[in-house]
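Below is one structure, written out as structure tokens; the observations come after it.
The values are calculated or read from the model by the stated rules, or taken from the named source; none is laboratory data. These figures come from a predicted structure and were not determined experimentally. To get the accessible areas, we keep the full protein, side chains included, count just its heavy atoms, and leave off ligands, DNA and RNA. Shrake-Rupley method; radii C 1.70, N 1.55, O 1.52, S 1.80 Å.
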Amino acid sequence: MGGMTVGFMGNAEQASIKSVRFVEGVPAGDTIKVIVQNLGSSSVAIQHGYANGVIATNIISGKAFVIPKRSAQEITLTFPNDTLVYGTQQQVKLTTAKGTNVKLSLIYDSS
């Protein structure tokens, strides 16, 4: 029984959002740069990215961002204009290929 528990936990994804940076003046739409930290022993594939419930337009083609094991990587997410509203609370959510959701709420400001 203990071996099954250890095996299951060993396969658990350990991704988190380390930081989010809002990119100003991008003509293609609202853009954020997200640093994803993977503390797990296997890679994590970020399949979808969302801001305020709106899916990112640059990863809906099915091509995932792969974060290698025990590393951090910056990914860029682009959304339709007016998805991100300056000075308001934003929720960023990433969904992995295994269905794990990673979320972070923050205020969109200049700091």
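Mind jotting down the distance between the C-alpha centroids of region 13-46 and region 54-96, whole Å?
Between the Cα centre of region 54-96 and that of region 13-46, the gap is 6 Å.
Per-residue ellipticity at 222 nm for the chain, helices alone: DSSP H runs ≥ 4 residues times -39500 (n - 2.57), over residue total, nearest 500 deg cm²/dmol?
Counting only the DSSP helices, I get -2500 deg cm²/dmol.
Please calculate how many Å² of accessible area the chain carries per residue, with a 1.4 Å probe and no DNA, RNA or ligand atoms counted.
58
Hey, if you drop one equal point scatterer on each alpha-carbon of the chain and run the Debye formula without solvent, what base-10 log of I(q)/I(0) do you get at q = 0.12, 0.16, 0.21 Å⁻¹?
Here the Debye-derived log intensity ratios amount to -0.43, -0.70, -1.10.
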